[in-house]
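Accompanying notes for the structure given below.
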Amino acid sequence: DSIPAAEEEVAALTEAWRSLGLFVERVDWQSGPASALLHRARAVLPLLAWTYSETPAHTANFCELLRSLADGGAGPRLDLRATAWHAHKKYLLEMAARGLGTVPTALLAKGAAGAELRSAVRRLDAGRSAGEEGRRSYVFKPAVGSGGEGVDLYTLGEEGGEAAVLSRAREGDLLLQPFLGGVRRHGELCFVFVNGSLLHAVRKEPAGWSARGAQRVSRVDSPPAEALATALRAMGEARAACAARPGEQIYLARVDLLPDTAGGGGGEAAGEAAGGATGQPRWLVSELELGWPPLFLRAAEGGAAAATKAVAAGLLRHLERREADAAG
């Protein structure tokens, strides 16, 4: 979703938290005086901290701050740890290695050469149908990035395409993924969780490459069971990777999935047939958003106001449970 929409959600949540009696102050994480304030806070939520990805130093400092806050007793502890863990999108490869269905992903290290790019393309092509729509197109994006910045399309054989990817690789690590053409028909599914419970699911319509552009979002009342199961497993993998304590949940989380209509071969029709009698695609995790919105509250059942109140109340429950556990 767009950054303005996320800012709107945070403003609404801030008012809702205040209405529950919480003192809420928004601070710049890079500000020197802010560090002492953050370390005294009962809860710290890394909302709208887009600048963490500006440079490798920004990223390192941001992740170190989050870990320090979590280790120092600030809550929600798991959100702080999870936000740091998934700042670099290599987590997709880690989850895939553990058997989770993710969008096929190759990591191009900073400074990668043409041979490495071509090797990555061959690995991504393995097992995919020659007739699949978009097979020769690939999405490339910064491995550390926010707000959809730097997401672009690379088409094999297109003049200047390889040079564009390698130019970007000189700036930092890149992820390379096959473009899944089924998104044009099925859109993108997003599952929003609060304290581990599903708040709602939404469908995002494709709208170009920039997440800063407006995208049509609609609520999905009956999402595919397989997609929800994959999203729940992704949440479990994230909790395990961040050393969650028994019963500890991530307060704010979103799992995004894209449709794979290739099914390992045979093109889109065969892929949908492989999804079962309903002809549904296989849904693969494309990204996690942990510890911060956008949560698409405007699409929630009952409207944004009711959803905002529910999310705000969830923070109180999270903190009260954590403090009760600590006292016990």
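The values are calculated or read from the model by the stated rules, or taken from the named source; none is laboratory data. Keep in mind that this is a model prediction, so the values were computed, not measured. For neighbour counting, all protein chains shown are included, and Cβ atoms are generated from backbone atoms with ideal geometry for every residue, glycine included. All accessible areas refer to the heavy atoms of the entire protein, side chains included, with ligands and DNA or RNA removed. Shrake-Rupley method; radii C 1.70, N 1.55, O 1.52, S 1.80 Å.
Toward the positive end of the charge dipole of region 32-138, with +1 on the Cβ of Lys and Arg and -1 on the Cβ of Asp and Glu, the farthest Cα among L117, S35, G101 is that of G101. Where only DSSP H runs of four or more residues are counted, the chain gives -12500 deg cm²/dmol as its mean residue ellipticity at 222 nm, each run worth -39500 (n - 2.57). Per-residue SASA remark: S167, around 40 Å² accessible (1.4 Å probe; ligands, DNA and RNA not included). Peptides 156-166, 64-74 ranked from most to least packed give 64-74, 156-166, packing being the mean of other C-beta atoms within 10 angstrom over each peptide's residues.
Which of the aspartates and glutamates could a cross-linker bridge to K110, judged by Cα under 18 Å and excluding same-chain residues fewer than eight apart? Partners within reach: E54, E149, D152, E162, E171, D173. Taking amide H as placed 1.01 Å from N in the peptide plane, the amide H of L22 sits under 5 Å from none that are at least 5 places away or on another chain. R254 contributes an accessible area of around 10 Å² to the protein surface, as traced by a 1.4 Å probe with all chains present. Relative to the 2.2 N^0.38 Å rule of thumb, the chain has a C-alpha radius of gyration ratio of 1.01. Once backbone amide H atoms are built at 1.01 Å from N, T102 has V285 as its partners under 5 Å, excluding neighbours fewer than 5 places away on the same chain. Taking Cα atoms only, the orientation of helix 303-327 departs from the longest principal axis of the chain by about 70 degrees.
Seen through its C-alpha gyration tensor, with square-root eigenvalues sorted a ≥ b ≥ c, region 281-328 comes out oblate because a/c lies at 1.5 or above while a/b is not bigger than b/c.
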